[in-house]
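Participant: Dropping the structure in here first, questions after.
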Amino acid sequence: MENADVFLGLHDFLDRMRQPSAADFVKAIKSFIVSFSNNAPDPERDSAAVQDFLAKMEAAFRVHPLWAGCSVEELESAGEGLEKYVMTKLFTRVFASLPDNVKHDEQLSEKMALVQQFIRPENLDIKPTFQNESSWLLAQKELQKINMYKAPRDKLVCILNCCRVINNLLFNASIASSENAPGADDFLPVLIFVTIKANPPQLHSNLLYIQRYRCQSRLVGEAAYFFTHMLSAESFISNIDAQALSMEEAEFEKNMESARALLSGLSTDLDGLSNQLDQIAGNVAREESKTQSLNSKEDHASLTTETNHGSKEASHSNDQSSITKIPTLSELVNRGAAMLLKENQTREVFHECPYMFAHAGDLTINDVEGLLNDYKQLAFKYICLSKGISGATPSFPFPSSRILAQQHANTMKEHEGSRAMEQNFELQKDIDIGYDGSYKVSNEENIESKKVEAVSAEEDNSADTIE
């Protein structure tokens with residue numbers, strides 16, 4: 001049921017479960033979750049138990065008055081809601097529940113981190129016609145979202161989104177070059193390349209989780225086709241060697257050693273960054289202490305003024321000054337750095353910034369366009385932020401306004417030619433990106449934030465106990 005609104009399906013399921021006539025269903029669901037959670041992990045037994053329970057419950061839905069007169073789509077929606085509710089409750093119990101799975105995840109992630117430093121499309125015999133690394137970034141981002149979700153179906157959708165993006169890009173490329181439509185032999189190498197570059201978290205455990213706990217009656221058709229390809233990609237990556245990448249053994253080992261040295265250097269850079277954040281946090285703490293002391297003195301002076309003059313104007317003025325004071329850009333930066341340090345999320349945050357610790361020699365000509373666009377967005381946001389705070393032009397090493405304007409004009413010209421292709425691409429791909437159906441290639445950043453908010457709210461709702 002790839003086109004059904006599963007988010008609404010979950011809410012419909014929960015609403016029906018709150019009806020008095022659903023008391024037996026509620027009791028059965030609660031009893032299953034409790035008894036399942038009390039057993040030691042056993043993947044094969046756990047998978048069979050979940051599949052059997054879901055099948056029996058869905059069969060009971062079909063003959064129950066709560067769903068009398070409902071369409072096939074509504075019954076499917078109820079099944080999706082049941083699966084989502086049950087597996088959200090059992091997620092921590094069944095996901096990566098064995099040490100071997102955790103170890104496999106770590107080894108696979110480490111291997112992808114090394115290989116992605118030197119792999120090129122030609123190493124996987126991807127035809128030049130189909131080589132389009134900048135467009136593949138969209139597929140990588142879809143795959144990297146897999147750990148945002150708990151339900152098997154939602155994780156599977158991340159894989160399907162990734163595969164559909166690749167499939168449509170290959171199809172468009174074949175049309176543009178007047179070649180035959182791409183087949184599995186064209187698709188799989190690109191999926192392998194995208195997966196290595198994306199290095200999605202806990203890939204092995206995520207695939208096992210989908211395989212074991214996605215309702216088997218729904219893991220069919222296109223979903224089964226693309227999921228099977230992802231399993232093949234994982235197997236290929238796990239066993240990747242010099243022969244698989246069309247390299248000499250000596251060259252492969254040299255590249256792996258260079259990648260290890262590079263990643264080791266990145267780790268050192270992260271440690272240095274952490275030390276810098278420590279210093280910033282200390283500075284912020286001292287500034288906050290000074291500010292608190294100053295505020296205390298101002299409050300005392302205000303109180304004295306009120307006592308001596310019998311007036312509240314001075315206090316009111318101080319309060320208004322405190323309320324309307326806008327922090328400087330530097331204060332905001334220091335505050336954000338301190339928050340980042342306290343949250344202990346440095347590695348995760350900078351994982352989304354692939355060039356943060358790169359050196360000039362690490363970059364290729366294919367990186368230029370992406371870096372230039374990122375720079376323009378950063379410059380624009382920084383200047384707008386500075387203007388919004390103080391109204392002054394920031395003292396930042398950006399190029400002159402004339403150069404920036406010329407860059408913007410060039411960018412607009414570049415994008416005019418690609419906008420038509422993006423619109424055509426948008427019409428063809430029919431990607432099931434989320435629950436609000438608002439996927440737009442040209443507004444990806446805005447959609448990303450909305451989707452995270454929707455997912456957060458949705459999982460809060462799905463974790464509610466059925467009463």
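Since every read-out is calculated from the coordinates, none of them should be taken as a lab result. Predicted model only: the values in this text are computed from it and were never measured. Reconstructed Cβ throughout: ideal geometry from the backbone, glycine too, with neighbour counts over all protein chains shown.
Participant: Once fully extended, how much extra length lies between Ser258 and Asp24, figured as 0.36 nm per residue of separation less the alpha-carbon to alpha-carbon distance?
Facilitator: Residue separation times 0.36 nm, minus the Cα-Cα distance, leaves 78.1 nm.
Participant: About the Cα centre of the range 87-236, what is the dipole size in debye to 20, counting +1 per Lys and Arg Cβ and -1 per Asp and Glu Cβ, all else neutral?
Facilitator: Using only the charged Cβ atoms, the result is roughly 780 debye.
Participant: With respect to the cross-link table entries Lys141/Lys197; Lys84/Lys141; Lys84/Lys150; Lys89/Lys150; Lys111/Lys254, which display a Cα-Cα separation exceeding 18 Å?
Facilitator: Lys84/Lys141
Participant: Go through 146-155, 221-230, 190-199 and give me the packing order, highest mean Cβ count within 10 Å leading.
Facilitator: 190-199, 146-155, 221-230
Participant: When the Kirkwood hydrodynamic radius is evaluated over all pairs of different C-alpha atoms of the range 99-246, what value in angstrom, to one decimal, is obtained?
Facilitator: Its Kirkwood hydrodynamic radius stands at 15.6 Å.
Participant: Once you list every other residue whose beta carbon is under 15 Å from the beta carbon of Ser177, what net charge do they have if Lys and Arg are +1 and Asp and Glu are -1?
Facilitator: With Lys, Arg at +1 and Asp, Glu at -1, the net is -1.
Participant: When the dipole is taken about the Cα centre of the range 6-94, and only Lys, Arg (+1) and Asp, Glu (-1) are charged at their Cβ, what size is it in debye, to the nearest 20?
Facilitator: Taking the Cα centre of the range 6-94 as origin, the dipole is about 400 debye.
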